[in-house]
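Engineer: One structure is given below, represented as structure tokens, and several questions about it will come after.
The values are calculated or read from the model by the stated rules, or taken from the named source; none is laboratory data. Given the structure is predicted, the values throughout are model-derived calculations rather than measurements. Note: ideal-geometry Cβ built from the backbone for every residue, glycine included; neighbour counts use all protein chains shown. In case anyone asks, the SASA skips ligands and DNA or RNA and just uses the protein heavy atoms, side chains included. Shrake-Rupley method; radii C 1.70, N 1.55, O 1.52, S 1.80 Å.
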Amino acid sequence: MMHAGGEVPSITDEAIDAVIAAGRTERQAVVRAIESTTDVAFTWDYERNRAPLAKLYEKAKHSQWNGTHDLPWSIDVDQERVARELDGGGASRRFTALAQMDGSPLRHWGEREWTRFAVESQNSMLSQFLHGEQGALVCTAQIVETVPWIDAKYYAATQVMDEARHVEVFARYLDEKLSGHYPINPHLQALLDDIIGDTRWDITYLGMQVMVEGLALAVFGAIHHMTEEPLLKKLLRYVMGDEARHVAFGVLGLQEYYTELSASEIRDRQEFALEAAVRLRRRWFQPDVWERLDVDPRPVVKLLLESPPPAEQVFGAMLFSKIVPNCRKLGLLDAGDGWLRQRFTELGVIQFENAVDTGEDYGTFDEVAKDRAGAQTR
Ligand SMILES: [Fe+2]
Ligand SMILES: [Fe+2]
């Protein structure tokens, strides 16, 4: 949020309507077709000359799991309890403060309304995870086609399987344990469209593996920490084990490629990274959640725009805790007179540049290997 120095801009009705229109998902056809003109690359060089990618591929083959058998689907889930644990993804706290403000449509809300809100927020959030996972599935299939290195094609093929499994388990959790699907958020859809429609193979990596997956890893980690629900906890633990490898794959692949690009090509990547980060951070006005609760979203959005909420900053912190260090590792922070470093400094997130680097921590996330080792010693 750009409210440095405590200055609060005056918010016009047009601005509020624009935010709501941008955040509302129109009813869409079941199938969405995106035009893509990527170059498909065969390689006749079968040399295994990228050892870190080869190691990651071995790890991925070893750590496959089966969403049908490895998760305890028979557990009964108390959705209201989970929603309270997650506090609507951190949303309720931010809106509780809003309820005290003059003109707030939430002023008379009681326990029942807040619980309904938490449940709908949870449905909405998990639905976005599901759609993001499908984005990852499609992107990774595209990477198999476009990446010119055999080690990367091998590895990306394992990730296609991983992402299919993630879509499968999130869809099943939503269907069997929660109470409603939400359509994809338009900001997430726009980002996926940009990533998939881009002709440059490294942009698929940068957008999906580094930005979207980096955010997913941070958010899954936070939810895993907050919830005690054993099925969701194990599901997230297993998904995170895979996601950590996926981010590592993005960083390993791009580190090599970005040493070969010109200054203006690098600037394009810096701009893409910044735009993607700002887009990912912007997507939580949730007008469709308010509408499902029969609340007019306009006064809520107005109050939100006028008072930068703490929960959004926490969310921003999660978003950037993986993205900034990975951009540093790719050399994007300081390339071209530090253009991206300057932008991240203005956003107030540069302090994350030395946060734990996911490219190195994928081994510590390998829950499948840990569980197998535990089963053997028992
Ligand atoms: Fe995934
Ligand atoms: Fe992934």
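Engineer: Could you list, in sequence order, all residues of segment 237-278 that are farther than 24 Å from Glu163 by Cα and under 14 Å from the mean Cα position of the chain (by Cα)?
Structural biologist: Across segment 237-278, the qualifying residue is only Val278.
Engineer: Give all pairs with beta carbons closer than 6 Å in which a residue from segment 139-164 that is at negative phi meets a residue that is open to solvent by 20 Å² or more (accessible area, probe 1.4 Å) and of a type in the set (S, T, N, Q); count only pairs at least 6 apart in sequence or on separate chains.
Structural biologist: Thr146/Thr38; Pro148/Thr43; Ile150/Thr43
Engineer: Check off (1) open to solvent by less than 30 Å² (accessible area, probe 1.4 Å); (2) at pLDDT 85 or above; (3) not hydroxyl-bearing (Ser, Thr, Tyr) for Glu312 and give me the number that stays unchecked.
Structural biologist: Status for Glu312: all satisfied but (2).
Engineer: Which residues, taken from segment 230-273, are open to solvent by 10 Å² or more (accessible area, probe 1.4 Å), in contact with an Asp or Glu (Cβ under 7 Å, 6 or more places away or on another chain) and more than 12 Å from ligand 1 (Cβ to nearest atom)?
Structural biologist: Those that are open to solvent by 10 Å² or more (accessible area, probe 1.4 Å), in contact with an Asp or Glu (Cβ under 7 Å, 6 or more places away or on another chain) and more than 12 Å from ligand 1 (Cβ to nearest atom): Arg237, Tyr257.
Engineer: Does Ala218 meet the test of being open to solvent by 10 Å² or more (accessible area, probe 1.4 Å), touching a residue at least 24 places away in the same chain (Cβ under 8 Å) and over 21 Å from Ala33 (Cβ atoms)?
Structural biologist: When the stated conditions are applied, Ala218 passes them.
Engineer: Here is a follow-up. Please note which helices (runs of 4 or more DSSP H) are completely contained in segment 88-193 and include at least 3 residues that are within 16 Å of ligand 1 (Cβ to nearest atom) and within 20 Å of the chain's Cα centre (by Cα).
Structural biologist: 111-146, 150-177
Engineer: Tell me yes or no: at least one residue of segment 198-215 is open to solvent by 10 Å² or more (accessible area, probe 1.4 Å) and of a type in the set (Gly, Ala, Ser).
Structural biologist: no
Engineer: Return yes or no: is Leu235 under 17 Å from Arg81 (Cβ atoms) and touching a residue at least 60 places away in the same chain (Cβ under 8 Å)?
Structural biologist: Answer is yes for this residue.
Engineer: So if I check each of Leu232, Leu236, Leu217, Leu174, which one is within 22 Å of Ala317 (Cα to Cα) and away from ligand 2 (no atom under 12 Å from the Cβ)?
Structural biologist: That would be Leu236, the only listed residue that is within 22 Å of Ala317 (Cα to Cα) and away from ligand 2 (no atom under 12 Å from the Cβ).
Engineer: Another one. Which members of segment 193-214 meet the condition of being under 26 Å from Phe42 (Cβ atoms) and within 16 Å of ligand 2 (Cβ to nearest atom)?
Structural biologist: Residues satisfying the conditions are Ile195, Ile196, Thr204, Tyr205, Leu206, Gly207, Met208, Gln209, Val210.
Engineer: Give just the number: which of (1) more than 22 Å from the chain's Cα centre (by Cα); (2) under 22 Å from Gln189 (Cα atoms); (3) open to solvent by 40 Å² or more (accessible area, probe 1.4 Å) does Arg32 not satisfy?
Structural biologist: (1)
Engineer: Would you point out the residue of segment 222-232, among those that are in a helix (DSSP H, G or I) and touching a residue at least 40 places away in the same chain (Cβ under 8 Å), that is farthest from the chain's Cα centre (by Cα)?
Structural biologist: Looking at the filtered set, the residue picked out is Pro230.
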